[in-house]
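Remarks on the structure that follows.
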Amino acid sequence: MLSKIKCNFFIRESELGKILYVDCSGCKNNSSISNRNCFSFLSTIILKENVDKVIFLRENFKRVLEEKEVRKLKKYLRAIEALEPNAFCKRCRQKVIFMKRNFKNPSLVLENIRKIGKCESCLRKIKHIERAINLAFPGISTSESVERSLSRIRDKVVPTFFKYFVEDRSKGKGKVISSYEIPGGKVSIVKRESELVYHLIPEELFLSTKEIKLLEKLFEREKSASGRKESPRNVEGRVLNVFKRYSSGYGLIETLLKDEKIQDVFINSPGNSRIFVNHSDFGFCSTNLVISQEEVERICTKLRMLSGRAFDAASPVLDCFIPELNTRVCGITKPLAFDGIGLSLRKHKTLPWTLTQFVKNGMVSSYAAALLSFLVDSQASILITGCRGSGKTSLLASLLAEIRPNERIVIIEDTPELPVAQLRESGFNVEHLRVRSPTTENTFESPPEIAVRTSLRLGEGILVVGEVRGVEAKALFEAMRVGAAGSCVLGTIHGFSAYDTFDRIVNDLQVPRTSFKACDILVSCALLKNKQGVKKQRRVIEITEIRKDWNIDPIKEKGFLQLMEFSKRKSSLVLRKLSESQVLRKIGLLRGMSFNEVLKAIELREKVKRMIVKFSEKKQYLLNFRSTLRLNRIFYDLEGSLSSYEVLRKFKKVLENNVTFKNF
């Protein structure tokens with residue numbers, strides 16, 4: 001079974017196992033398993049080195065023999081190699097020797113097996129080889145040529161610019177629990193025991209040889225164009241999409257980020273490693289994709305240019321934002337990483353969330369949405385707390401849609417996550433301040449504490465802080481206490497419960513207890529798993545009022561009042577002690593309303609939110625951010641001059657008649 005064909009090859013270890021690379025540049029053969037010379041060479045190497053995958057490297061493309069096909073081929077070759085002619089009768093012995101010598105012609109081997117079939121004792125010893133042949137060469141017949149037989153082994157033609165390894169789904173048992181299509185590929189979520197796998201089949205794997213050659217010409221033309229980026233002429237469809245993805249885009253990472261259900265993509269150092277994702281429905285999943293070190297470096301080169309910052313041993317942290325993908329990137333390299341480069345990509349929702357969307361997906365109840373809307377409209381100071389990925393920023397964005405259009409808004413954040421553009425398009429008075437990211441130093445951005453102090457001089461209004469995380473917290477709470485922060489403050493902070501947030505703000509961020517009491521409401525978000533532990537659900541689990549009549553410990557002195565709490569039995573927020581709320585009584589006093597009128601105002605908003613959700617079953621656009629802004633304007637106009645009954649009647653008429661928002 002030794003081959004006389006000499007080929008240049010090398011073997012690399014990866015998370016997918018041993019990969020054999022065969023250099024076929026300049027080779028007269030067709031660089032395919034269907035060529036008898038290629039097959040002869042491979043039959044020796046794949047057994048000797050026990051490789052798991054084979055890649056033939058050509059000038060314009062690669063031929064890939066996946067793990068599944070390699071396993072079948074190895075099973076056939078090992079079965080032939082294990083044959084002992086002396087174990088057969090004299091009449092069959094010569095046929096077995098002939099089979100071992102002509103192993104690279106499987107149709108001939110199959111023919112001799114069937115001749116041996118007349119000898120039952122010898123047939124039992126060789127029947128497993130027939131099964132191995134039918135498995136490795138499906139549909140094979142004894143009358144076909146060697147090339148035809150070998151071509152039955154399925155290999156894939158992959159372009160050379162595709163620097164990823166795509167694992168076949170057949171590797172490992174699993175059950176498909178969800179599947180859908182995304183721009184540029186098909187996705188399946190596969191459950192293997194306790195592991196969830198995000199399985200992507202990208203469209204790059206289905207490119208024809210003609211399309212691959214065209215793409216290679218386009219890339220060559222781009223290289224010779226002295227860096228000028230121009231869209232190719234007379235090219236469209238799949239070819240154009242792939243060209244843009246690998247010339248000016250971020251390759252297969254871009255395809256992952258185009259999936260609306262992907263929230264994070266993780267590329268761990270040192271490279272040549274498996275990609276992991278955070279899925280909105282299924283949480284953290286491994287993928288069937290392994291990215292090469294070469295592709296990681298290509299992406300990092302683009303990120304360096306985008307950020308305008310160094311990314312090397314002297315500056316081992318890269319923090320930047322990809323506007324076209326609405327994605328925040330944090331990268332690390334040596335010496336912060338032991339070896340290679342690691343990237344974490346956090347995608348933000350392109351279209352902001354709204355309270356009615358959260359009501360529909362169950363994150364908040366309709367009454368909780370109405371209560372939060374009323375509190376924002378009444379300019380209560382609200383902090384949203386929760387763990388990473390629990391939906392804090394999304395909930396904060398939805399609350400901005402509840403602000404009246406005549407208010408001044410100052411927004412502070414290090415990464416543009418909040419819907420500033422949509423608010424400005426709708427005529428809101430918004431100032432947007434950019435601050436330094438916590439992972440970058442010695443940059444041109446201002447530190448957060450300077451931005452907070454500056455915002456207090458930018459006019460009275462609503463101050464929105466994307467995330468309270470450091471020394472700016474002290475300045476913020478002090479300003480809230482003396483009323484310098486304007487009408488109210490909205491923001492997010494990492495925490496879990498009301499007391500956990502209090503402990504962090506007071507003890508970790510050194511905010512005085514008396515200043516902490518300037519915050520009116522704490523909204524706690526959490527990421528809950530279903531009973532099977534497969535799907536994750538974002539839920540608001542508490543709406544807590546911070547009372548003002550305590551001094552040292554808010555737990556012992558009953559300084560926290562739970563207005564609403566998540567009920568596991570009902571799987572929703574339920575009312576607790578709303579009637580004891582000091583904040584609502586204060587709002588009623590400032591707005592000239594009795595406490596009963598305050599409760600009726602909240603109930604009216606609840607009915608309106610429910611009505612919008614109901615009508616959205618046929619008119620989904622009613623839930624989006626722009627529609628919410630316009631519907632809220634209509635509601636505010638009606639609320640100020642009509643009774644609750646008339647407000648509901650006219651609001652329903654607006655939704656029923658599909659009246660254009662421009663008329664209001």
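The values are calculated or read from the model by the stated rules, or taken from the named source; none is laboratory data. The structure presented is a predicted model; accordingly, all values stated were derived computationally and were not measured. Ideal geometry is used to build each Cβ from the backbone, glycine not excepted, and the neighbour counts take in all protein chains shown. What goes into the accessible areas is simple: the full protein's heavy atoms, side chains included, and nothing from ligands, DNA or RNA. Shrake-Rupley method; radii C 1.70, N 1.55, O 1.52, S 1.80 Å.
Have a look at the DSSP beta bridges in the range 1-158 and tell me what percent are antiparallel, nearest 5. List each step's numbers first, then the result.
Working: 14 of 19 bridges.
Just about 75 percent of them are antiparallel.
With the cut-off at 17 Å, report for the range 495-634 the share of all Cα pairs above it, as a whole percent.
Details: 6906 of 9730 pairs.
Pairs farther apart than 17 Å: 71 percent.
Using modelled amide H (1.01 Å from N, peptide plane; none on Pro or chain starts), what sits under 5 Å from the amide H of Val54, excluding residues fewer than 5 places away?
Leu20, Leu65
With axes computed from alpha carbons, what is the tilt in degrees of helix 90-101 against the longest principal axis of the chain, rounded to the nearest 10 within 0 to 90?
50 degrees
Say R0 is 22 Å: what FRET efficiency, to the nearest 0.05, do Lys127 and Leu47 get from their beta-carbon distance?
Working: r = 22 Å, r/R0 = 0.99.
Taking R0 as 22 Å, the efficiency between Lys127 and Leu47 is 0.50.
Between the helical axis of 366-377 and the dominant principal axis of the chain, each derived from Cα atoms, what acute angle in degrees is found, rounded to the nearest 10?
For 366-377 against the chain, the angle is about 60 degrees.
Quick check for me: using +1 on Lys/Arg Cβ and -1 on Asp/Glu Cβ, what's the dipole size of the chain about its Cα centre, in debye to the nearest 20?
Numbers: 116 positive and 76 negative charges, 704 e Å.
Its charge dipole is roughly 3380 debye.
Quote the FRET efficiency, to the nearest 0.05, computed for Lys244 versus Lys100 with a Förster distance R0 of 51 Å and r equal to the Cβ-Cβ distance. All intermediate terms of the calculation are to be shown ahead of the outcome.
Working: r = 52 Å, r/R0 = 1.02.
So the FRET efficiency works out to roughly 0.45.
Strictly under 4.7 angstrom between C-beta atoms: which cysteines of the chain have no such partner?
Cys7, Cys38, Cys89, Cys285, Cys300, Cys320, Cys330, Cys387, Cys488, Cys519, Cys525
Find how much the distance from Lys261 to Arg78 grows on full extension, using 0.36 nm per residue of separation minus their present alpha carbon separation; answer in nm with one decimal.
Working: separation 183, 0.36 × 183 = 65.88 nm, distance 4.43 nm.
Length difference between fully extended and current span is 61.5 nm.
Positive end of the charge dipole of the chain (Lys, Arg +1 and Asp, Glu -1 on Cβ, about the Cα centre): tell me which of Ile189, Asn632, Ile33 has its Cα farthest that way.
The Cα lying farthest towards the positive end belongs to Ile33.
Starting from the Cα of Lys118, draw a straight line to each of the lysines and keep only those under 18 Å, dropping any in the same chain fewer than 8 residues away.
In chain and number order, the partners are Lys90, Lys95, Lys127.
Please turn the phi angles of the range 568-579 into ³J(HN,Hα) values with the Karplus equation 6.51 cos²θ - 1.76 cosθ + 1.60 (θ = phi - 60°), one per residue in order, whole Hz, x for glycine and proline.
5, 5, 8, 6, 7, 6, 10, 6, 10, 10, 4, 5
Determine the gain in length on full extension of the stretch Ala313-Arg633; use 0.36 nm per residue of separation and subtract their C-alpha separation, reporting nm with one decimal. Walk me through the intermediate numbers first.
Numbers: separation 320, 0.36 × 320 = 115.20 nm, distance 5.29 nm.
The span from Ala313 to Arg633 would gain 109.9 nm if fully extended.
For the range 28-137, build the convex hull from the C-alpha positions and give me its volume per residue in Å³. Don't skip to the answer; put the middle values down first.
On the way: hull volume 10.4 nm³, N = 110.
So the per-residue hull volume is 95 Å³.
What do you get for the angle between helix 209-223 and the principal long axis of the chain? Use alpha-carbon atoms, 0 to 90 degrees, nearest ten.
Helix 209-223 sits at roughly 60 degrees to that axis.
Subtracting the Cα-Cα distance from 0.36 nm times the residue separation, let me have the gained length for Leu575 to Ser344 in nm, one decimal.
Numbers: separation 231, 0.36 × 231 = 83.16 nm, distance 3.92 nm.
Net length gain for the segment: 79.2 nm.
Where does the range 243-325 land on the Kirkwood hydrodynamic radius, alpha-carbon pairs, in angstrom? It would help to have the intermediate numbers written out before the result.
On the way: mean 1/r = 0.0726 Å⁻¹.
Averaging 1/r across every pair of different Cα atoms and inverting gives 13.8 Å.
Say the cut-off is 31 Å between C-alpha atoms; which of Lys72/Lys125; Lys349/Lys556; Lys175/Lys392 go over it?
Working: Lys72/Lys125 19 Å; Lys349/Lys556 40 Å; Lys175/Lys392 33 Å.
Long pairs (Cα-Cα over 31 Å): Lys349/Lys556; Lys175/Lys392.
State the Cα centre-to-centre distance between the range 237-288 and the range 31-63 in whole Å.
Comparing the Cα centres of the range 237-288 and the range 31-63, I get a distance of 29 Å.
Between the range 116-155 and the range 624-645, what's the alpha-carbon centroid distance in Å?
The range 116-155 and the range 624-645 have Cα centres spaced 74 Å from each other.
Show that you can apply the helix-only estimate: for the chain, add -39,500 (n - 2.57) for every DSSP H stretch of four or more residues, divide by all residues, and state [θ] at 222 nm to the nearest 500. Each step should come with its number before you reach the end.
Values: 22 runs with 242 residues, N = 664.
Result for the chain: -11000 deg cm²/dmol, rounded to the nearest 500.
Ignoring ligands, DNA and RNA, what accessible area per residue does the chain give at 1.4 Å, in Å²? Numbers along the way, then the final one.
Numbers: 31500 Å² over 664 residues.
I get 47 Å² per residue for the chain.
Quick one: what are the phi-derived ³J(HN,Hα) couplings along the range 630-644, Karplus 6.51/-1.76/1.60 with θ = phi - 60°, whole Hz, x for glycine and proline?
Taking θ as phi minus 60°, the curve returns 6, 5, 5, 4, 4, 4, 4, 5, 6, 4, x, 10, 10, 6, 4 Hz for the range 630-644.
Treat each spin label as a single point 7 Å out from the Cα along the C-beta direction, and report the Met305 to Gln582 distance in nm.
Inter-label distance under the simple model: 5.8 nm.
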